[in-house]
Amino acid sequence: MPEPVLGILTLYINEAKQLEEKAVYRRMIIEGNRMGLDVFVFTPMDVHPSKEQIHALVFDPKSGKWSRKWRSFPNMIYDRCRIQRSTRFQQLLRFRERYKHLLFLNRPLRNKWTIHQTFSQKSRFRQHMPETLLYNASADLHRMLKQSPVLYIKPANGTGGRGILRIERIKNSKGVFDIQGRRQDRRIIPPRKVSASRLDSIVRQWCIGGRFLVQQGIPLRLPGGRFHDYRMLVQKNGQGVWELTGMAARVGAARSVTSNLHGGGHAVRAETLLKDWLGSQDKTDKVMKTAEKLGLDAAAFLEESFGALCELALDLAIDREGKIYVLEVNPKPAREVFARSGDGNTYRKALVRPLEYALWLYNNKGAPASAKTTEE
Ligand SMILES: Nc1ncnc2c1ncn2[C@@H]1O[C@H](COP(=O)(O)OP(=O)(O)OP(=O)(O)O)[C@@H](O)[C@H]1O
Ligand SMILES: [Mg+2]
C-alpha cells in the first residue's frame, strides 16, 4: 500500500525563493519518514497551472539533500503560511479557494479583533480576555484609561511584536502619560512622557492605515524590569484529541514592552519563572492546571467556530494573583521557544504531533466533523 502523503504548504519569503522554516520542515520529513508518512514541501507558486502536479521540494534523509520533484497532490495539507504583503499571498488566497475541497489539517483563523469578539461571546472565555476595543477615536482611549492605568495598542493583523504601543497613566500627575513601544520595523521606542493632547495625536497617527486594538495592559514587569509572558502550545495528537504539548516563558529584551523572541526576548521554563512570580509551588500547580484546561477548551472552541485546526499557541499573560489572560492565539506557531528554553523533549513532541495527527486523520477520514463543515 502506498504511504499517505502530507504536503506542507508554505510561502517563499522573497524573490530568491527562500523559506523561513526549512530546517523545521527537514526535521518533519525525517520524522515522517520514520513513521510511514511521506512529507514534501510546496508553495502555491509550485503548482502547475493546468496539470494537477506540484513541483515539490523533497528532502532525502539518506543523502541529506533537498531537490525538486514533480508530485501529485498530497492526501493532506498542513498550512504553514503566514500573512505577508506580496503577490505570493494573493496567490495563496486563490490556492486555498480553488483547492478548498482537499483535506487540510488546519484552516486559517481570523484577525485578533474577530477572535476577541468570538471568545467574548462565551463567559467561559470572557473571564480570561483583557478588556479590548477597536480604536476609533481618542475618546475610546480615555474611557479605557479610566478603568486601566496601562493600555496596549496593537494592530488587528499584527505579528511578531510589531507596531505595539504601551501607554501608562502616571500616578498623581494629572494628564501625563508614559509611552514606549515598538514600531512596525520592530525598532524600540524608548519611554517618554507626554501630555494628554500629545498622546491623542500620537495614537491617532499610530493607528493610520489599519485597524488597531486598544487593550487593557496586564502587569507583567518582572522585578528586574523586563516584561514577560507565556507561550502555550496545544495540539491534536495521534488519536485526534487535543492535548497540551508544553508551555514556556518568554522574557523580553531590556527596554522592550514585548517579549517576542524575534524582538530579542529569551525563553525560560514556564514552571521556574511562574513559581518565582507567584511565590509558591502550590499556586503554580493550580495556575498551570487552569491554563491547560483553558488552552484545550479554547482550541476546541475556535475549531468549532472557524474550521479545522491541528494546533494552537496561546500567548498568556498571568498577573501576580495568578489570573490568566489570553493576549493572543496563533494557529501557525513557531516551536523554537521550546528549543530555546532547553526543553528539547517538548520541541520534538511539537514537531512530531502534527504528523501523528495527520496519520490518524488519514485513517479516520470520515471522522473529523470540523474538516467536513469547512468543505461544505
Ligand atoms: N494587553 C497586554 N498586556 C501586557 N502585555 C501585552 C499585552 N498585549 C501584548 N503584550 C505584549 O506584547 C507582545 C506582543 O503582543 P501580541 O502577542 O498581541 O502580538 P504579536 O506578538 O505581534 O503577534 P504574534 O504573536 O502573532 O506574532 C506580547 O507577547 C506581550 O509581551
Ligand atoms: Mg504574540
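The values are calculated or read from the model by the stated rules, or taken from the named source; none is laboratory data. Keep in mind that this is a model prediction, so the values were computed, not measured. Every residue, glycine among them, receives a Cβ derived from its backbone with ideal geometry; neighbour counts consider all protein chains shown. To get the accessible areas, we keep the full protein, side chains included, count just its heavy atoms, and leave off ligands, DNA and RNA. Shrake-Rupley method; radii C 1.70, N 1.55, O 1.52, S 1.80 Å.
Scanning the range 96-106 for residues that are open to solvent by less than 30 Å² (accessible area, probe 1.4 Å) and in contact with a Ser or Thr (Cβ under 9 Å, 6 or more places away or on another chain) turns up just one, PHE104. Among the residues of the range 122-154, which ones are open to solvent by less than 50 Å² (accessible area, probe 1.4 Å), within 20 Å of ALA298 (Cβ to Cβ) and assigned to a helix (DSSP H, G or I)? Scanning the range 122-154 gives a single hit, PHE125. Of the residues making up the range 25-45, those that are buried (at least 20 other Cβ atoms within 10 Å of the Cβ) and either closer than 16 Å to LEU92 by Cα or in contact (Cβ under 8 Å) with a residue 60 or more places away in the chain (or both) are MET28, GLY32, LEU37, VAL39, VAL41, PHE42, THR43, PRO44.
Listed conditions (1) open to solvent by 30 Å² or more (accessible area, probe 1.4 Å); (2) within 16 Å of ligand 1 (Cβ to nearest atom) are all met by CYS207, apart from (1).
Among the residues of the range 219-242, are any open to solvent by less than 40 Å² (accessible area, probe 1.4 Å), within 16 Å of ligand 2 (Cβ to nearest atom) and not in a strand (DSSP E or B)? Checked the range 219-242: at least one residue is open to solvent by less than 40 Å² (accessible area, probe 1.4 Å), within 16 Å of ligand 2 (Cβ to nearest atom) and not in a strand (DSSP E or B). Counting only strands (runs of 3 or more DSSP E) that sit completely within the range 155-195, those holding 3 or more residues that are among the charged types (D, E, K, R) correspond to 164-169.
How many residues does the range 149-172 contain that are more than 9 Å from ligand 1 (Cβ to nearest atom) and more than 16 Å from GLN205 (Cα to Cα)? Summing the residues that are more than 9 Å from ligand 1 (Cβ to nearest atom) and more than 16 Å from GLN205 (Cα to Cα) in the range 149-172 gives 7.
Mind checking whether some residue in the range 100-112 is basic (Lys, Arg), outside any helix (DSSP H, G or I) and within 14 Å of ligand 1 (Cβ to nearest atom)? Yes - at least one qualifying residue is present in the range 100-112.
SER63 meets each of the listed conditions (1) part of a loop (DSSP other than H, G, I, E, B); (2) of a type in the set (Ser, Thr, Tyr); (3) open to solvent by less than 10 Å² (accessible area, probe 1.4 Å) apart from (3).
Look at the range 256-275: where a residue is under 13 Å from ASP315 (Cβ atoms) and a partner is of a type in the set (Phe, Trp, Tyr) and not in a loop (DSSP other than H, G, I, E, B), sitting 6+ places away or on another chain with Cβ atoms under 6 Å, you get SER259/PHE227; ALA270/TYR230.
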